[in-house]
1. Shielding by partners for A:185-196, please: the mean number of other protein chain Cβ atoms within 10 Å of each residue's Cβ.
2. Keeping the other protein chains in place, figure out the carbon and sulfur percent of the accessible area of the stretch A:106-168, with a 1.4 Å probe.
3. Percent relative contact order of chain A, based on C-alpha pairs within less than 8 angstrom and at least six residues apart?
4. Counting only residues 5 or more places away or on other chains, whose amide H sits under 5 Å from the amide H of A:Leu415 once H atoms are built in the peptide plane?
5. Hey, if we sort B:Ile10, A:Ile153, B:Ile103 by accessible area with the 1.4 Å probe, largest down, what's the order?
6. Once every DSSP H run of n ≥ 4 in the protein assembly as shown is given -39500 (n - 2.57) and the sum is divided by its residues, what mean residue ellipticity at 222 nm do you get, rounded to the nearest 500 deg cm²/dmol?
7. Amide H of A:Asn231 versus every other amide H placed in the peptide plane: which residues, excluding those fewer than 5 positions away on the same chain, fall under 5 Å?
8. So for the pair A:Glu439, A:Glu38, with labels modelled 7 Å out along Cα→Cβ, what separation do we get in nm?
Amino acid sequence: MSKFTTTRRGLIKSGVVGGAGLAMPTIFTSSAFGYTNEPTGSTVTLGFNVPQTGPYAEEGLDELRAQELAVEHLNGMGDGGMLNTFSSKALKGNGILGKKVQFVTGDTQTKSDAARASAKSMIEKDGAVMINGGSSSGVAVAVQGLCQEAGVIFMAGLTHSNDTTGKDKKRNGFRHFFNGYMSAAALAPVLKNAYGSDRRAYHLTADYTWGWTQQESIAAATEAMGWETVNNVLTPLASTDFSSYIAPVLNSGADVLVLNHYGGNMVNSLTNAIQFGLRDKIVNGKQFEIVVPLYSELMAAGAGKNVEGVIGSMNWNWQLQDDGTQAFVKSFGEKYGRPPSNSAHTCYVQTLLYADACERAGTFNPCGVVDALEGFEFDGMGNGPVLYRAEDHQCFKDVLVMKGKENPTNEYDTLEIVEVTPRAQVEYAPDHPMFAGGELGACNPGA
Amino acid sequence: MFGLNKKDSILMIAVAALALLAPFILNIFPNDSALAFFNAGYPDLMQRFVIFGIFAIGFNLLFGLTGYLSFGHAAFLGVGSYAAVWMFKLLNYNVVPAIVLSIVVAAAFSLVIGYISLRRSGIYFSILTLAFAQMMFVTAYSDLLGRWLGITLTNGETGLQVYNDDPQILLGNGPNVPHLFGLEMRAKEVWDIGPWEFTLPVGYYLCAVLMLASFYLAIRIFRSPFGLMLRAIKSNQTRLNYTGLNSKPYTLAVFVISGMYAGLAGGLLACMDPLAGAERMQWTASGEVVIMTILGGAGTLIGPILGSGAIKYLENVFSKLNEGLLHDWFGFMPDGLEGALVWVVSKFTGEGWHLTLGGLFMLVIIFLPGGLVEGGNKIRSWIQNRTGRGSPPADTASTPAE
């Protein structure tokens, strides 16, 4: 026993002495950095923080595929994808500012806490200068706040809450994806044509920032055209069975069910709703209908036949015919043997936009990147002409209204484009009440 | 020293040295070497090591000494975090009121829950604490209480954060990040020594100092008459009751102390990163601290710290091993073998790290019921036997009085 204690003490002693000895003669080169994680070597590291587990895991894995593809294209490998159609020609396929692009990945677990921990580790340990990803607005808002504090750029992936570029907007954060307000503005006219202006809607809403703001937007837009909102029930994000929420819909007198759910949640709630036979019911003399305001190919694939005829909206779809879309779908398809989802698209585009902004700014300094992205107008990325608005860092572009295909020809052909809503129809003022309350603050370059 | 006997003093000094030198020990691999991936010396993870160390030390006071298995301890950690963030929102970013309130609130919650749950023992106690914790989790996750009161209390799934328009009545011109009287928590000193890079974060050292204080307190409790009484409860509570002794005040006291440790840990989590999410109160988080304690060695002083370190390391480092990295590492092998090996290993890394943890936990439970501490003891006696200096077993070694 006594032998052991001396050994341990000896060990510690020698450790201390050794450490001090090592430290003594060496010159401390701790220098004042210009900004957080300034890349000094021949490489630059990007952090891809996506949900690999949890209700949004499918989306996260597809985002990761697209991010890897974007890195390939930035480094000049593969066929270059959208670099060939992008209106800005600053990127040369030799990395960013001559530095080869590397990436690290993290799992957000679709939880704010875990997402912040993994983003922190990418920033603190791996030296990431930019974090891209998300698939839940709760996570995006949390990570955006973290990036602002840490002094790195956050290029939001799939986040659809109004708050991301509304009350929680940050100077270091940018969103390419559309939001709840835009979905509502695009959907309302289509819903009116399809189902009439005299409907009673019942909302099931994911209980967090995205669900809240999307429900608010859809309710406002549909009420403006004459619909009545019967009830809004909040469901926890971690739910997997929605039967107990669906049953009361039957007795509520509602004739439309709006599912403000996404990912695995939506697959389960829609399946439950179909099992309850909601779509075969006639209520108030009208056919019962289901609306899913935010759609994705992966959800449609997960829900299978249940999505037939269900209307929703999307940021982008692989079936678009412009050059940018075709170039991206081609290189994604060649690499992975499947068409990309709209979450994959937004992450791919965000990564290229960040690289392009660095290239144009001539620096990785977040403040330079912010200046380069604010008010940036571009084209050739699959959405037509797009503006990155300086006031709130939100992209403005056309919105797609989609419908589940009645007779799909293959497993990826699940949705069809009903209408491309022009950008002018979904624009709003930066101080719109649904987006009020936050401020961008100053850009933070960190250390 | 400080009222500790020689053995405990040495343990205390060893833990202190480990804690203070952690930024160096954990970044043992040079920055540009292939093994740098396994470094853990970055602020966020080091803070997690000591914060969950505090949590596990506190849990071990209850579980290790009395044998009462609380399955809802994460709830106290959660309320601690919420209390701390509310202090940031209402007063300012100084961590002192935040930490104090987080301990007080956790104590209040554990008093109430402990008073009710401790009416039963064994599995019924575990289930009661689990039920309370899940009730609190659901309340926080959907912000039921806040909704009922018409205010934002926990902000649900999004997590409670500080906004620019919060009152922060004492903020003035103070820093806009958590700080200790002006010393920012996220400030750090970076030393580049040759190929090594060492980060010395302020926040980590605050946590480390509080962890050492908690550890010292735990040693004192272990060695006190109060601690002896708790062990008596563990060995045979019925007999203790028959001797005419009311054991409930003792169990309740240690339950509250243990809850306060959890509250401190939760408060510190919020001080290092001012956001409180409901997930940290979920039953999986409660289960994690049980695993930490058992993995390290329940009822031992150092065990919980080792266990929490092992789990947090796996969670943060193993979970980042993606297939690309594995392909790089196994690239020297023939293609077929490489593919097969990567396929197997990738199931245990990345999002599959839980599988590694599960396997490790099973091995420890089966072969080392006393946790990593028992493993350390076995190795030590094996070495002593081999070197032929058969010193007497630890139990019979006389420990001199103070």
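1. Taking the mean over all residues of the peptide, I get 0.
2. 48 percent
3. 20 percent
4. A:Lys405
5. Ranking B:Ile10, A:Ile153, B:Ile103 by accessible area, largest first, yields B:Ile103, B:Ile10, A:Ile153.
6. -16500 deg cm²/dmol
7. A:His203
8. 2.9 nm
The values are calculated or read from the model by the stated rules, or taken from the named source; none is laboratory data. Not measured: the values here are computed from a predicted model. Here the Cβ is made from the backbone with ideal geometry for all residues, glycine too, and neighbour counts use every protein chain on show. Ligands, DNA and RNA are excluded from the accessible area calculation, which covers all protein heavy atoms including side chains. Shrake-Rupley method; radii C 1.70, N 1.55, O 1.52, S 1.80 Å.
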